[in-house]
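Chemist: I have a structure here, written as structure tokens, and I will follow up with some questions on it.
The values are calculated or read from the model by the stated rules, or taken from the named source; none is laboratory data. Since we're looking at a predicted model, the values are computed, not measured. Note that we place each Cβ from the backbone using ideal geometry, even for glycine, and neighbour counts take in every protein chain shown.
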Amino acid sequence: MAENDTGKAGGYLPRDRAWQPAALTPAYKTTVKRSPQAALLSFPTTLSEETGPVFGHGHLSEGDTDLIHNFAKDGESAIGPRIIVHGRVVDENARGVAGALVEIWQANAGGRYRHKKESYLAPLDPNFGGCGRTLTDAQGNYAFHTIMPGAYPWPNGPNDWRPAHIHFSVFGQAFAQRLITQLYFEGDPLIARCPIVGAITDPDAVSSLIAPLDMGRAIPMDSLAYKFDIVLRGRYQTFFENRPEGS
Amino acid sequence: MTQELKRVRETPSQTAGPYVHIGCTPGFTGIDVYEADLGNVMKTGPVKGEEITVTGTIFDGTGTALTDALVEIWQADADGLHNSPQETRGIADPNFTGWGRCASDMTTGAFTFETIKPGRVPYPDGRLQAPHISVWIVARGINIGLQTRIYFEDEASANSEDPILSRIEHRNRIPTLLAGREKDGVYRFDIHLQGPNETIFFDI
């Protein structure tokens, strides 16, 4: 039995807004005109937020987890240090979230994205698209095979560089759990200098986005590995039914 | 010292950035890795209820349209049931997924969903909510996904007894949550991130 499995599931636990980044973080300049200024309207979750679509394996194919090859020409592969990125999706009650949709995207080894609006001078890799997706297994586990993304400059401050990162979009069992975040890599000196990372003020929260090197999941003579666990919102655990019969 | 609760904290959010399309709608940005972009079709066959189009644009605090946003919606079917394993009240219309994902147009910023008018879903205390669509918005410059809801201007009676709408203190902001009927079957729902018409965003 999972931790804290003490009863019937209630609504979703509210987000900890002090732990999460604020909408307005002026050092990340784009937030200045894109951040709501009125207070958010707080309400308990309803069935509209406690439900969510189901993603079947029919939507996805096996190769979607292999970014080294999913865009490459036959017999070729993406350039860059080969890595496994793996982890477990759990909720705040530490229960694995099965069937979660995990979608990732990233720059190539030179720090260049394959996107119409991207113009960094680093070259595109003809064998790298930069996207992958998968569903977590019954315990919440997932894994991707990819290459180490490069750092790149971006127009914010006069000389701002993004640390190497992989974007993660995670869809659990409920719309209330919807989350997008970024994975950073252990030891990167650019993490502490990044205004986007700096939108998070709690150092423990920042640490929770930094994936450690995981030699136990490396493949000798093939790939290094990094572990990145993800926590989605959990539900109140109530002993008693708190909804009227039939609703 | 006390015993430990053994709960873990939600992973902090980070912005989706300008290239969210690569991961979530790769076909939209010309990366043909997958068969189809997820969430681009909500109706997989003949559906129950009134078929509608919901379209809009997201504006920043200067009134400029966001051309790099991603919008997701989630809603009940015409009977108020969700096509979800978490739905316990009945079986939803199998030809309606309830979930849509749309990248805003890279030039105009417009987003569009071909969907249906949702039925009414109960609030936790059993009262019926007015028909609504749940919305989640991410983009460059948005640190954590914004939650809001689309209600319908032409559902005045249901709106007047909705448990959430009726508890909004600033009544003059309620129109920011109402989609207006542009013509038959087409509703407009513009979203303002800031300014005098700032949309009501939820912490739900």
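Chemist: Is there a residue being without any contact (Cβ under 8 Å) to a residue 24 or more places away in the chain and under 10 Å from the mean Cα position of the chain (by Cα) anywhere in the range A:181-201?
Modeler: No, that holds for no residue.
Chemist: Still on this structure: If I filter the range B:59-80 down to residues being among the small types (Gly, Ala, Ser) and part of a loop (DSSP other than H, G, I, E, B), which single residue comes out as nearest to residue A:179 (Cα to Cα)? Can you show your working first?
Modeler: Taking the range B:59-80 and keeping what is among the small types (Gly, Ala, Ser), we get B:61, B:63, B:65, B:69, B:76, B:78, B:80.
Right, trim to part of a loop (DSSP other than H, G, I, E, B) and you get B:61, B:63, B:69, B:76, B:78, B:80.
Details: B:61: 24, B:63: 27, B:69: 15, B:76: 21, B:78: 27, B:80: 25 Å.
The residue in question is B:69.
Chemist: Would you be able to say whether some residue in the range A:84-94 is touching a His at 6+ places or on another chain (Cβ under 9 Å) and buried (at least 21 other Cβ atoms within 10 Å of the Cβ)?
Modeler: From the range A:84-94, those touching a His at 6+ places or on another chain (Cβ under 9 Å) are A:84-85; that's our starting set.
Now drop any that are not buried (at least 21 other Cβ atoms within 10 Å of the Cβ), which leaves A:85.
Checking the range A:84-94: at least one residue is touching a His at 6+ places or on another chain (Cβ under 9 Å) and buried (at least 21 other Cβ atoms within 10 Å of the Cβ).
Chemist: Quickly run through the range B:103-132 and pick out the residues that are in a loop (DSSP other than H, G, I, E, B) and either surrounded by fewer than 16 Cβ atoms within 10 Å (Cβ to Cβ) or acidic (Asp, Glu) (or both). Working first, answer last.
Modeler: Going residue by residue through the range B:103-132, those that are in a loop (DSSP other than H, G, I, E, B) are B:104-109, B:117-121, B:123-127, B:129-131.
Scanning the range B:103-132 gives B:105, B:106, B:107, B:108, B:125, B:126, B:127.
Chemist: Looking at A:42, A:48, can you tell me which residue is touching a residue at least 24 places away in the same chain (Cβ under 8 Å), in contact with an Asp or Glu (Cβ under 8 Å, 6 or more places away or on another chain) and under 30 Å from residue B:196 (Cα atoms)?
Modeler: On the way: A:48 fails: in contact with an Asp or Glu (Cβ under 8 Å, 6 or more places away or on another chain).
After applying the criteria, what remains is A:42.
Chemist: Among A:31, A:65, which is the only one that is touching a residue at least 12 places away in the same chain (Cβ under 8 Å) and facing chain B (nearest Cβ under 9 Å)? Steps first, answer last, please.
Modeler: On the way: A:65 fails: facing chain B (nearest Cβ under 9 Å).
Result of the check over A:31, A:65: A:31.
Chemist: Right, next: Run down A:143, A:109 and say which single residue is surrounded by fewer than 22 Cβ atoms within 10 Å (Cβ to Cβ), touching a Gly at 6+ places or on another chain (Cβ under 7 Å) and more than 10 Å from every other protein chain (Cβ to nearest Cβ). Lay out the reasoning, then the answer.
Modeler: On the way: A:143 fails: touching a Gly at 6+ places or on another chain (Cβ under 7 Å).
Just one listed residue meets the conditions, A:109.
Chemist: Turning to a different aspect of this structure: Can you pull out the residues in the range B:38-58 that are surrounded by 17 or more Cβ atoms within 10 Å (Cβ to Cβ), outside any strand (DSSP E or B) and under 17 Å from the mean Cα position of the chain (by Cα)?
Modeler: B:38, B:39, B:42
Chemist: Here's another thing I want to ask about it. Residues of the range A:147-161 being buried (at least 20 other Cβ atoms within 10 Å of the Cβ) and part of a strand (DSSP E or B), which ones?
Modeler: Residues of the range A:147-161 buried (at least 20 other Cβ atoms within 10 Å of the Cβ): A:147, A:149, A:152.
A:147, A:152, listed by residue number.
Chemist: Same structure again: Run down B:38, B:81 and say which single residue is at the interface with chain A (Cβ under 8 Å from one of its Cβ atoms), more than 30 Å from residue B:197 (Cα to Cα) and of a type outside the set (Ser, Thr, Tyr). Walk me through it before giving the result.
Modeler: Values: B:81 fails: at the interface with chain A (Cβ under 8 Å from one of its Cβ atoms).
Every option except B:38 fails the conditions.
Chemist: Still on this structure, please answer the following. Report, by residue number, each residue of the range B:86-102 that is touching a residue at least 24 places away in the same chain (Cβ under 8 Å) and either farther than 19 Å from residue B:149 by Cβ or part of a loop (DSSP other than H, G, I, E, B) (or both).
Modeler: Of everything in the range B:86-102, those that are touching a residue at least 24 places away in the same chain (Cβ under 8 Å) and either farther than 19 Å from residue B:149 by Cβ or part of a loop (DSSP other than H, G, I, E, B) (or both) turn out to be B:93, B:94, B:95, B:97, B:98.
Chemist: Okay, next question. What is the number of the single condition among (1) touching a residue at least 60 places away in the same chain (Cβ under 8 Å); (2) assigned to a strand (DSSP E or B) that residue B:149 does not meet?
Modeler: (1)
Chemist: Here's something else I'd like to know. With respect to residue B:124, is the statement that it is under 30 Å from residue A:27 (Cα atoms), free of Cβ contacts under 8 Å to residues at least 12 places away in the same chain and either more than 9 Å from chain A (Cβ to nearest Cβ) or out of contact with any helix residue (DSSP H, G or I) (no Cβ under 7 Å at 6 or more places or on another chain) (or both) true? Steps first, answer last, please.
Modeler: Values: under 30 Å from residue A:27 (Cα atoms): no; free of Cβ contacts under 8 Å to residues at least 12 places away in the same chain: yes; either more than 9 Å from chain A (Cβ to nearest Cβ) or out of contact with any helix residue (DSSP H, G or I) (no Cβ under 7 Å at 6 or more places or on another chain) (or both): yes.
No, not satisfied.
Chemist: Ok, one more. Every residue in the range A:130-152 that is touching an Asp or Glu at 6+ places or on another chain (Cβ under 9 Å), of a type outside the set (A, V, I, L, M) and under 13 Å from residue A:79 (Cβ atoms), please.
Modeler: A:146
Chemist: So residue A:84 clears everything in (1) touching a helix residue (DSSP H, G or I) at 6+ places or on another chain (Cβ under 8 Å); (2) without any contact (Cβ under 8 Å) to a residue 24 or more places away in the chain; (3) closer than 26 Å to residue A:165 by Cβ; (4) not acidic (Asp, Glu) except one condition, right? Which one?
Modeler: (2)
Chemist: Enumerate the pairs (first residue in the range B:1-26 and within 7 Å of chain A (Cβ to nearest Cβ); second residue anywhere and small (Gly, Ala, Ser) and buried (at least 24 other Cβ atoms within 10 Å of the Cβ)) with beta-carbon separation below 6 Å, excluding pairs fewer than 6 apart on the same chain, so at least 6 apart or on different chains.
Modeler: Within 6 Å, the pairs are B:22/A:130.
Chemist: Looking at B:159, B:83, can you tell me which residue is of a type in the set (S, T, N, Q), at pLDDT 95 or above and part of a loop (DSSP other than H, G, I, E, B)? Give the derivation first.
Modeler: Details: B:159 fails: part of a loop (DSSP other than H, G, I, E, B).
Answer to the selection: B:83.
Chemist: Any idea which of B:32, B:79, B:105 is in contact (Cβ under 8 Å) with a residue 40 or more places away in the chain and not hydroxyl-bearing (Ser, Thr, Tyr)?
Modeler: Details: B:32 fails: in contact (Cβ under 8 Å) with a residue 40 or more places away in the chain; B:105 fails: in contact (Cβ under 8 Å) with a residue 40 or more places away in the chain.
None of the others qualify; the one that does is B:79.
Chemist: List the number of the failed condition for residue A:206; all other conditions in (1) outside any loop (DSSP other than H, G, I, E, B); (2) surrounded by 15 or more Cβ atoms within 10 Å (Cβ to Cβ); (3) more than 8 Å from chain B (Cβ to nearest Cβ) hold.
Modeler: Result: residue A:206 passes all but (3).
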